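**Student:** Here's a structure for you.
Nothing in this text is a laboratory measurement; each read-out follows from the coordinates by a stated rule. Model, not experiment: these values are computed from the prediction. Note that each Cβ is placed from the backbone with ideal geometry, even for glycine, and that neighbours are counted across all protein chains shown.
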Amino acid sequence: MTTSALSREAQQFRTHGLQALPHAQKRFLRDLLWNDVSTEYDARFLSAWLRGQEVKLGYFSKAFWQTHDLWAAEEERHFAGLFAVLQSVFPGRDWQAKLASRSATFEHLEPLLQDEFSVLVAGAFDELVTVRAYRANLHVYGLVGPLFLDFVLLMIADEALHYARFLRRLQEDHSSRSGEAKNIIRGARAISSAEPYGATFLLDHKDPEYTTELLDSAERILVANLA
Ligand SMILES: [Fe+2]
Ligand SMILES: [Fe+2]
């Protein structure tokens, strides 16, 4: 599925479907797409921060970086598809300039993310939460058209794979520390409710789809998978 095919379908939706939507629904779709685009875009900031942390904190394994590289390429693909759709459905804004003005702050996450283990736990939790959040809005993405709906379903499959790959690293390389995972997840949840999202990719959990039930269930699943 190419970004130009996604753009074509999104342009058609703008001409034929968008006007029929109530104002509140249009706004919801625009804000949802922008939130998704910007969070997927922020993966590059997390990636750069991780490279810097390795210099500061020391060793991150080769297996970690292999997992990271696949993850970074896939998040970039998510960004590109979502951005093509956002620009085609809502062309009135300079979205590119909005993206270019973003910068990330990791200070509030630094006490939590101290090593490869804690990064993998926070990453696994975040990916599982993302699967659920994308799923919760499938009916909204589907308004744009069947191709975009397929794209979102493929993204959900990727996010599930990201979770599975981070989990595998934890199980294979850090099993002696599994008991610490719950505290890290609790710490991550406390930070994300107390602090503004700092364009860190991780823990962008402020929107209504991120219910306490959703976060509790992701926490339970990850802790159970590590037991
Ligand atoms: Fe993604
Ligand atoms: Fe992901």
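**Student:** Work through the residues other than L21 whose Cβ is under 13 Å from its Cβ and net out their charges, Lys, Arg +1 and Asp, Glu -1.
**Tutor:** Values: positive: R14, K26, R27, R30; negative: none.
Net local charge, L21 excluded: +4.
**Student:** What value does segment 188-227 have for Rg/Rh, both radii from Cα atoms and Rh as Kirkwood defines it?
**Tutor:** Dividing the radius of gyration by the Kirkwood radius yields 1.00.
**Student:** Mind listing the Cα extents of segment 109-219 along all three principal axes, in Å, largest one first?
**Tutor:** Cα spread of segment 109-219 along its principal axes, largest to smallest: 46, 32, 24 Å.
**Student:** So what's the back-of-envelope 222 nm ellipticity for the chain, counting only DSSP H runs of four-plus at -39500 (n - 2.57) apiece and dividing by all residues, rounded to 500?
**Tutor:** Result for the chain: -24000 deg cm²/dmol, rounded to the nearest 500.
**Student:** How large is the dipole of segment 71-115 about the Cα centre if only Lys and Arg carry +1 and Asp and Glu carry -1, each at its Cβ, rounded to the nearest 20 debye? Write down the numbers at each step before the final one.
**Tutor:** Numbers: 4 positive and 7 negative charges, 79 e Å.
About 380 debye.
**Student:** Which order do the peptides 65-77, 25-37 come out in when sorted by mean C-beta neighbours inside 10 angstrom, highest first?
**Tutor:** 25-37, 65-77
**Student:** Additional query: For segment 3-226, what is one quarter of the convex hull surface built on the Cα atoms, given in nm²?
**Tutor:** One quarter of the hull surface, i.e. the mean projection, equals 12.1 nm².
**Student:** Quick one: net charge of S101's neighbours, Cβ under 15 Å, K/R +1, D/E -1?
**Tutor:** Every neighbour counted, the sum reads +2.
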